[in-house]
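Bear in mind that the values in this text are calculations on the coordinates, not laboratory data. All values reported here derive from a predicted model rather than from experimental measurement. FYI the Cβ positions are ideal-geometry reconstructions off the backbone, even for glycines, and counts take in every protein chain you see.
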Amino acid sequence: MQPRSFFARSVIYALLAAGSFLFLFPLIWLLCTALKPVEQTMAMPPTFVPRTYVAVLGGKQTEVTRDYQVAEPSVLVSPTEGVSQGRPLLVPRTLYDAGQGTVKQVTYEGGEKKATLVRVRLLKMVEPGAWHVTERSQTKVRSRELRSDVLAESEITSSVKPRWENFRIALATMGGKSVEEAEGSVTALETGVGEDSAVSFWKFLSNTLVVCLLGVIGAVFSNAIIAYGFARIEWRGRNVLFALTLATMMVPFPILMVPLYSVFKELGWIGTLKPLWVPAFFGSAFNIFLMRQFFLTLPRELSDAARIDGCSEWGIFWRIILPLSKPVLAVVALFHFLSAWNDFTGPLLYLTRKHTFTLALALQNYQSQHGGTQWHHLMAASAVVTLPIVVLFFFTQKTFIRGIATTGIKG
Amino acid sequence: MRANEKRDLKSGLGFAALWIVGLSVFTLYPVLASLFYSFSDFSVLEPPVWIGTGNYERLMHDVVFWKSLKNTLIYTALSLPLGMIVSISLALLLNTGVRGMALFRTFFYLPSLVPLVASSMLWLWIFNGNHGILNVALRPIVAVFGAEPPTWLSDPNWSKPALALMSAWGVGNSMVIYLAGLQDVPQELYESAELDGAGFWRRVWHVTLPMISPVIYFNLIMGIIGSLQVFTQVFVMTGGADGAPARSTLFYALYLFSTAFYDLRMGYASAMAWLLFLLIVGLTLLATKLSKSRVHYR
């Protein structure tokens, strides 16, 4: 349906643009968050671009965090008596008495409000819009040791700086290191987390690749062999077995879940990667169906001619049919890789120890332990798990779209 | 049996051998075992003990079971229509033949590629009650009415709509299937409809939708099967299988999972799995019956 009028086309473009924004925004937000320092992930109003702020603190150029913005005219003072002696204090200007050099401090004692006057030294007058800033440091974790100040916006220089180290830290914490250790502010000895309880991110990646690649090899070859038997050889019992095969596609996974667990337990596979890739070597109903439909479209004469030349059945399959079937093999390989990469239920059921985890399970495990505050690290880890799939998609886009359109599925 | 029939049987069985093993070990045996377990008391640690229909009878009185069924049906009722409207609308937009269609298709498809665990993390962050970007955007709007935006996944009333919203973001697959269906619709039909004076909406309603009705039917069935079994995103986003907050996201598959693998009541869980199967078959038949007069095959 081609729109003719300029107006109709404009409406379509507007809708497409709005839709694109809604669909892409979460992904953009994922990347923005992954590249920010932690305090900027929760900044109000939210910022998009990760920045670094530099200001002069104690006479030195220092990287700072902007903690909050001052709302009313205030003073920055340093008490010369009392408990907070020597520590800079930000007080509303109404509570400051310039003549006396005191601020009114309200304390609660036994539920009763008590106002006391505290002698102070004036450090500076602060106008609304100024920022409370704190030195950003990885080595000094205790906030009392960190220098802070209140500075006007013009005194802080800001520049765009994505924090790529978030990725390094996220991947290290995903393996079980503490954030402090990953940031390099403490060593493994200090945290008390032994080296052996931490698993490297690369271990998760290699587990995932083992499951994906062995699974792809298994799925491509087993289903091709089986489908050939259904499509190009006529034998007694074939149609009954094929009907049974189609019927099993109706069975939902929850029915198989419990007995499969017992089967794998009997085989001694629980806690290993085997339940996740070995079954791929024994075919799957849907892929058999898909490949059979493809093999049926290849002309019968091909096989007949080869048979007359004395070619064995296996020879026909291997040398004639398989090379002609690359499109369908590619679809099966791609979708198996994708579903194995994304699979969460399988690893959750069968993997028990951390060093066997796949990326999907390791990511969930990471979230359940560090979730809640470390959004920048969580987003960085999520981006890492997503990226290979997106790259794969851009290289195989045609196969992808054709595969979904003809099969109606994605793993 | 003639000599070449025998030869064909031998080579046929040879090619199918892997599948005969695979089908028996990984599908047929589990199906039969599951049926047996569903009539037994079974904890994996000890062999199953036959108890007849005990599990099914207990399920009928299990309030948590009914709660999980209700939750699942509500979620399906929210996410299925939403997903269909979004994916059909996007496919219709992409099918207008405007320039840059391949690019827009990629944009809409990209989210469905994100691994479910990763997209769960992302939406957990977006739905965050305090700092989530959704509420940051909503706060000034609802403030006009003197209200606060919901805390989504922490609010029992909003957790299911939040999950449905997230699922609409990943409709890329069904969109591509609809698009393939739309591209098969003969152009002449639109032209003759236009000659008869049909406007855009009438053409969509009387030409497009009937012509792609088999695709809609296919996606509807797939959608029913998928959303009745929703598990991963809920497990990740609500931190386990207890359906937090206040059991509002305790879906069928989560209750089944925790019954089987946390409580080790494998027989009871198997009975649940068979009831789920019956539910899927029932809803599929219902959808088939209701859509029979509306699905047009060419």
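Charges at C-beta only: +1 for Lys and Arg, -1 for Asp and Glu. How large is the resulting dipole of the protein assembly as shown about its Cα centre, in Debye rounded to 20? Numbers along the way, then the final one.
Working: 58 positive and 43 negative charges, 225 e Å.
In total the dipole reaches around 1080 debye.
Please list, in order along the range A:285-295, the HN-Hα scalar couplings obtained from phi with the Karplus expression 6.51 cos²θ - 1.76 cosθ + 1.60 (θ = phi - 60°), rounded to whole Hz, x for Gly and Pro.
3, 5, 5, 4, 4, 4, 6, 4, 4, 5, 4
At a Cα cut-off below 17 Å, give the lysines reachable from A:Lys354, other chains included and same-chain residues fewer than 8 away excluded.
Candidates past the 8-residue exclusion: A:Lys177, A:Lys203, A:Lys274.
Before rounding to the nearest 500, sum -39500 (n - 2.57) across all DSSP H runs of length at least 4 in chain A and divide by the residue total; then give [θ] at 222 nm in deg cm²/dmol.
Numbers: 17 runs with 206 residues, N = 411.
Roughly -15500 deg cm²/dmol at 222 nm, from the helical runs in chain A.
Please report the spacing between the Cα centers of the range B:1-16 and the range B:144-193 in Å, no decimals.
Centre-to-centre distance over Cα atoms comes out at 51 Å.
Ordered by packing density, taken as the mean number of other Cβ atoms within 10 Å over each peptide's residues, highest first, how do B:126-134, A:332-340 rank? Spell out each step's value before the answer.
Values: B:126-134: 18.8, A:332-340: 21.7.
So the peptides B:126-134, A:332-340, ranked by packing, come out A:332-340, B:126-134.
If you take each beta carbon of peptide A:148-161 and count the beta carbons of other chains within 10 angstrom, what is the mean?
Across A:148-161, the average partner-chain Cβ count within 10 Å equals 0.
For chain A, what does the relative contact order come out to in percent, with C-alpha contacts under 8 Å and a separation of six or more?
Working: 522 pairs, mean separation 72.9, N = 411.
Normalised by residue count, the contact order of chain A is 18 percent.
Defining a contact as two alpha carbons under 8 Å apart and six or more residues distant in sequence, what relative contact order in percent does chain B show? Provide the component values of the computation, followed by the final result.
Values: 322 pairs, mean separation 82.3, N = 298.
Once divided by the residue count of chain B, the mean separation gives 28 percent.
Kindly give Rg over Rh for the range B:165-298, based on alpha-carbon atoms, with the Kirkwood expression for the hydrodynamic radius. Provide the component values of the computation, followed by the final result.
Values: Rg = 20.3 Å, Rh = 17.8 Å.
Ratio value, two decimals: 1.14.
Hey, can you grab everything whose amide H is under 5 Å from the amide H of B:Phe127? Only 5+ residues off in sequence or another chain; H modelled, so Pro and N-termini drop out.
none
I'd like the mean, over residues of B:124-135, of how many other protein chain beta carbons sit within 10 Å of each residue's own Cβ.
On the way: counts 6, 11, 5, 0, 4, 0, 2, 7, 3, 7, 2, 0.
Mean partner shielding for this stretch: 4.
For B:Ile51, which sequence-distant residues (separation of 5 or more, or a different chain) have an amide H within less than 5 Å of its own amide H, given hydrogens modelled in the peptide plane?
B:Ser40, B:Asp41
Can you run phi through the Karplus equation (6.51, -1.76, 1.60; θ = phi - 60°) for the range A:42-53 and list ³J(HN,Hα) in whole Hz, with x for Gly and Pro?
Taking θ as phi minus 60°, the curve returns 10, 5, 10, x, x, 10, 9, 8, x, 10, 10, 10 Hz for the range A:42-53.
Once phi is turned into ³J(HN,Hα) by the Karplus curve 6.51 cos²θ - 1.76 cosθ + 1.60 with θ = phi - 60°, what whole-Hz value does each residue of the range B:183-195 show in order, with x for glycine and proline?
Here the 3J(HN,Hα) series is 6, 7, 6, x, 4, 4, 4, 5, 4, 6, 5, 5, 4 Hz.
If the elastic network links every pair of Cα atoms under 10 Å, which of B:Ser68, B:Ser213, B:Ser79 fluctuates the most in the Gaussian network model of chain B?
B:Ser213
Take every residue in peptide B:237-243, count the Cβ atoms of other chains within 10 Å of its Cβ, and give the average of those counts. Numbers along the way, then the final one.
Numbers: counts 2, 0, 5, 1, 1, 0, 0.
For peptide B:237-243, the averaged partner shielding equals 1.
What does the charge add up to near A:Asn207, with Lys and Arg as +1, Asp and Glu as -1, over the other residues with Cβ less than 13 Å from its Cβ?
Values: positive: A:Lys203, A:Lys274, A:Arg353, A:Lys354; negative: A:Asp343.
Residues near A:Asn207 contribute +3 overall.
Rank A:Pro50, A:Pro92, A:Pro162 by mean-square fluctuation in a GNM of chain A with C-alpha springs under 10 angstrom and give only the top-ranked residue.
Taking springs between Cα atoms under 10 Å, the residue moving most is A:Pro92.
Taking the Cα-to-Cβ direction at B:Ile20 and at A:Trp202 and moving 7 Å from each Cα, how far apart do the two end points lie in nm?
4.6 nm
Ranked highest first by the average count of other Cβ atoms within 10 Å around their residues, in what order do A:147-160, B:19-32 fall? Please list the in-between numbers first.
Values: A:147-160: 14.5, B:19-32: 18.1.
Per-residue mean Cβ counts within 10 Å order the peptides as B:19-32, A:147-160.
Roughly how many whole Å is it from the C-alpha centroid of the range A:225-292 to that of the range A:352-410?
When both Cα centres are located, 26 Å separates them.
Taking the alpha-carbon distance from B:Lys160 and a cut-off under 15 Å, which aspartates and glutamates remain once sequence neighbours fewer than 8 residues away in the same chain are dropped?
Within the straight-line cut-off, B:Lys160 pairs with B:Asp242.
Can you give the net charge of the other residues whose Cβ lies under 12 Å from the Cβ of A:Ala130, counting K and R as +1 and D and E as -1? Don't jump to the answer; show the numbers that get you there.
Numbers: positive: A:Arg66, A:Lys124; negative: A:Asp67, A:Glu72, A:Glu127, A:Asp149, A:Glu153, A:Glu155.
Local net charge: -4.
Mind telling me which of B:Ile141, B:Ile221, B:Ile51 comes out most flexible in a GNM of chain B, alpha-carbon contacts under 10 Å?
Fluctuation is largest for B:Ile141.
How high is the FRET efficiency from B:Leu45 to A:Gln293, r the C-beta distance, R0 60 Å, rounded to 0.05? Walk me through the numbers on the way to the answer.
Numbers: r = 45 Å, r/R0 = 0.74.
Approximately 0.85, to the nearest 0.05.
For B:Asn95, enumerate residues with amide H under 5 Å from its amide H, sequence gap 5+ or separate chain, H modeled in the peptide plane.
Amide H neighbours of B:Asn95: none.
Which of the peptides A:375-383, B:288-296 is most tightly packed, and how do the rest follow, judged by the mean count of other Cβ atoms within 10 Å per residue?
On the way: A:375-383: 26.1, B:288-296: 11.7.
In decreasing order of mean packing, A:375-383, B:288-296 become A:375-383, B:288-296.
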